[in-house]
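Working notes, beginning with the structure itself.
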Amino acid sequence: MNFIKSRKNKFHISDTDATSILFDVLHSAGKGACFLSDENAGKMLCAKRRPDHYTVSILISIALLVIVIFFPVFLFALPSGPVIDPDKERAAKAMANRASYDVTTLTKGLRDNTPVCLHPLAGGKVVYKNDLAIVDATNASDGYLVIRYTGDSNKVKLRITGPDEIVYTYNLATGGGKNEVFPLQAGNGTYLVCVYENLVATQYVTAFSQKIDVNINDEFLPFLYPNQYVNFDEGNQAIAYSEYLSYTANHDLDVVSSVYNAIISSLSYDYEEAESVQSGYIPDIDEVITTGKGICLDYAVLMTAMLRSQKIPTRMEVGYAGTAYHAWISTYITDIGWINGMIRFDGKEWSLMDPTFASTTEKEKLANFIGDGENYKTKYIY
């Protein structure tokens, strides 16, 4: 502010500073200042003064403080992840509640819907072993091997190479081990079974190796028995649910359609699990039913177990859907053959049976993607 000495030797402030102060007073009182004019410039002084840097800094600091204080509230207020469809949520709750499996108002179909859960056995008659592993091939003719690791390594891998030369790699149970069932999905021929113990980091050493000649009695048996990936028995709620869904069925195709439609209308895709799932993950079918959500492997394993318990040969397939690593199923229907497709039949063609895509993708987009199955490349079958 400039002080000017007048002719009477009195000091006063300049006109410019006086105008500026008046603007501040009027502005703080909420009054306009358009009636003021600068006589020298001949212009109306209607513009508001811009805040100085000090004021701006204070306002920014206050704003940041408010954000920091209320940020946790914002996290709870904002939605996270995909919203679950209300209809799916209701269907999932019904699926997880045995009391909802009421058939008293339904008409019984012509087909027997009694669950049949085959039980793999370690017969003890044809056994290959050493100090680290036991391979029971007594019932290899039924399409499976029973394998147990007996060493003390904390990390063990199993590799089974079939006559088709496709190598299947599994994790074996440690800590004393347990009997685990593995399918002979490549059919008749010679299988190489190898067990590897972890040495350090990603290095493994061979603990057991054995070639086994296999002659399977029925080509469908490997796809009816439970195994390490597709594990089920009569006690599973999922099996009771498949019995309920099959109550009105007249044919196997009715069962497949009913189970398929129930799953795609009940389960929601678990995006969190998809981001955190570890290699070697094995689904628990009752957990999938109870939570009403899962990833593609959960969808495929659940449906495979449900259909196998209804005496319908079903393959859980893993491979590529386009460029994405994915899991889906195919199933065998008498007089039709293997259906590598979704339950949509136009009289000539089937589309791929992928319960995950069907539940998360618009129908038209799904049909366009699936087409004749060229977008799907099977790598493994369980």
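Results, tabulated for the structure shown:
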{"quantity": "Evaluation of Ala249 against (1) in a helix (DSSP H, G or I); (2) crowded, with 17+ Cβ neighbours inside 10 Å; (3) among the small types (Gly, Ala, Ser) (one fails), failing number", "calculated": "(1)"}
{"quantity": "Evaluation of Asn231 against (1) surrounded by fewer than 20 Cβ atoms within 10 Å (Cβ to Cβ); (2) over 23 Å from Val156 (Cβ atoms) (one fails), failing number", "calculated": "(2)"}
{"quantity": "Selection count where residues are touching a residue at least 12 places away in the same chain (Cβ under 8 Å), not charged (D, E, K, R) and not in a helix (DSSP H, G or I), scope region 279-311", "calculated": "9"}
{"quantity": "Residues satisfying the stated conditions in region 291-315, i.e. among the small types (Gly, Ala, Ser), at pLDDT 90 or above, under 19 Å from Asn97 (Cα atoms) and buried (at least 22 other Cβ atoms within 10 Å of the Cβ)", "calculated": "Ala305"}
{"quantity": "Given (1) over 21 Å from Leu221 (Cβ atoms); (2) at pLDDT 95 or above; (3) surrounded by 13 or more Cβ atoms within 10 Å (Cβ to Cβ); (4) not hydrophobic (A, V, I, L, M, F, W, C), index of the condition Glu165 fails", "calculated": "(3)"}
{"quantity": "Selection from region 200-257 of residues that are more than 29 Å from the chain's Cα centre (by Cα) and either on the phi > 0 side of the Ramachandran plot or among the basic types (Lys, Arg) (or both)", "calculated": "Lys211"}
{"quantity": "Flag for Glu243 being surrounded by fewer than 16 Cβ atoms within 10 Å (Cβ to Cβ) and assigned to a helix (DSSP H, G or I)", "calculated": "no"}
{"quantity": "Some residue of region 170-189 being among the aromatic types (Phe, Trp, Tyr), over 21 Å from Ser279 (Cα atoms) and part of a strand (DSSP E or B)", "calculated": "no"}
{"quantity": "Single condition Arg159 does not satisfy, out of (1) closer than 19 Å to Leu121 by Cβ; (2) in contact with a Cys (Cβ under 6 Å, 6 or more places away or on another chain)", "calculated": "(1)"}
{"quantity": "Failed item in (1) surrounded by fewer than 21 Cβ atoms within 10 Å (Cβ to Cβ); (2) farther than 16 Å from Arg308 by Cβ; (3) modelled with pLDDT of 95 or more, with Glu197 passing the rest", "calculated": "(1)"}
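This table checks each residue for (1) over 30 Å from Pro222 (Cα atoms); (2) polar (S, T, N, Q); (3) at pLDDT below 65.
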position	(1), (2), (3)
Ala47	yes, no, yes
Ile60	yes, no, no
Arg90	yes, no, no
Gly124	no, no, no
Lys129	no, no, no
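The values are calculated or read from the model by the stated rules, or taken from the named source; none is laboratory data. The structure presented is a predicted model; accordingly, all values stated were derived computationally and were not measured. Using ideal geometry, Cβ is built from the backbone for each residue, glycine included, and neighbour counts are taken over all protein chains shown.
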